[in-house]
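The structure appears below as structure tokens.
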Amino acid sequence: MSAATLPAPRPRRHLRTWIVAGAAYVVALIFLLPYLEMIVMAGRPNDELGDPTIFPKHFTFSNFTTLWSGTGLGGSIGESLQIAAGATAIVLLVALPAGYYTARHRFRGRSGFLLLVLATQMFQPAAMLVGVQREFSDFGIASTLALIIVNAGFNLAFAVWILNAFFSSIPVELEEAAMVDGLGRVGALLRITLPLAAPGIVTALIFTFISAWNEFLVALTLSLGEPTSQQPLTVAINQYIGEYSVDWGHLFAAGLVATVPVIILFAFIERRVVGGLTAGAVK
């Protein structure tokens, strides 16, 4: 068939593409509006907070620069990073062998074990908050270590299930072929299975990190009475909310600072997260 006889593209298909793209941009704009409002409010001077205008007359960066002077916010960021990184490391150390073993072995009680792991997601941190606080207080465990353990415990079930699904989607014949070529079980796991399961591992990593980074209720209870520099960032931001007034400029500036690490981390591994979420969907 010559080029002259090829059918022209249908205009309806182009129209549908434009409609879908336009709807996607509208939805994205709706989700971005709160962040844009945070940027505007963080840059608005205090004497213009009551002005009925969308944009301030004079944009200022003083709310960002004064965050680090005398408020302990820098120490809070380090505390949040320590808690999120520690919880993520514990979750991966436990969930990797658990997900791999349940995916490769059909032992008695396997389904019951997986259902029991899933059932732990039914328990909300708020329902066990008093008991958790009393237990760590009685044992004299520091708030940082306590928050690492609690965040790891509440995110472990999701990591086990996502890694189980991903390991199950990897053909076991690949490991058997590697073992025939001379690799042991551990060598086949390290050199063959784990690289193929990298999207699932990254998915468990990012969701655990974000959950521990954004956690507020347990962090507020377990770090009560600690200096601001030793409190997680989500708790330290509360210092800008007073009994009779709210420091809106610093509050929005600190909120923007709190979102930056998560946005950067997610931007770097977004493709692997999408691949991990579809694990086990197609075999």
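The values are calculated or read from the model by the stated rules, or taken from the named source; none is laboratory data. Computed from a predicted model, the values in this text were never measured in an experiment. Cβ sites come from the backbone with ideal geometry, for glycine too, and all protein chains shown count toward neighbours.
Quick notes
- Which listed residue, of Ala152, Ala146, is farther than 25 Å from Gly112 by Cβ, touching a helix residue (DSSP H, G or I) at 6+ places or on another chain (Cβ under 7 Å), in contact (Cβ under 8 Å) with a residue 40 or more places away in the chain and surrounded by 16 or more Cβ atoms within 10 Å (Cβ to Cβ): Ala146
- Filtered residue count, the stretch 83-128, keeping only those that are among the aromatic types (Phe, Trp, Tyr) and either closer than 18 Å to Gly200 by Cβ or buried (at least 18 other Cβ atoms within 10 Å of the Cβ) (or both): 2
- Test: residue in the stretch 207-217 that is touching an Asp or Glu at 6+ places or on another chain (Cβ under 9 Å) and either hydroxyl-bearing (Ser, Thr, Tyr) or modelled with pLDDT of 85 or more (or both): no
- Odd one out for Gln230 among (1) under 30 Å from Leu174 (Cα atoms); (2) touching an Asp or Glu at 6+ places or on another chain (Cβ under 7 Å): (1)
- Candidate set from the stretch 46-58 (those that are surrounded by 13 or more Cβ atoms within 10 Å (Cβ to Cβ) and either acidic (Asp, Glu) or out of contact with any Phe, Trp or Tyr (no Cβ under 9 Å at 6 or more places or on another chain) (or both)); member that is nearest to Leu256 (Cα to Cα): Pro56
- Taking first residues from the stretch 257-280 that are under 28 Å from Ser62 (Cβ atoms) and partners that are modelled with pLDDT under 75, no Cβ contact under 8 Å between residues at least 6 apart in sequence or on separate chains turns up.
- Top-ranked residue in the stretch 237-255 [being surrounded by fewer than 18 Cβ atoms within 10 Å (Cβ to Cβ) and touching a helix residue (DSSP H, G or I) at 6+ places or on another chain (Cβ under 8 Å); ranked as nearest to Gln133 (Cα to Cα)]: Asn238
- Residue tally, condition aromatic (Phe, Trp, Tyr) and either touching a Lys or Arg at 6+ places or on another chain (Cβ under 7 Å) or at pLDDT 90 or above (or both), over the stretch 63-99: 0
- Selected residue [within 25 Å of the chain's Cα centre (by Cα), surrounded by 14 or more Cβ atoms within 10 Å (Cβ to Cβ) and among the small types (Gly, Ala, Ser)] from Gly75, Gly43: Gly75
- Among residues of the stretch 206-236, those that are in a helix (DSSP H, G or I), surrounded by fewer than 20 Cβ atoms within 10 Å (Cβ to Cβ), among the aliphatic types (A, V, I, L, M) and more than 15 Å from the chain's Cα centre (by Cα), counted: 2
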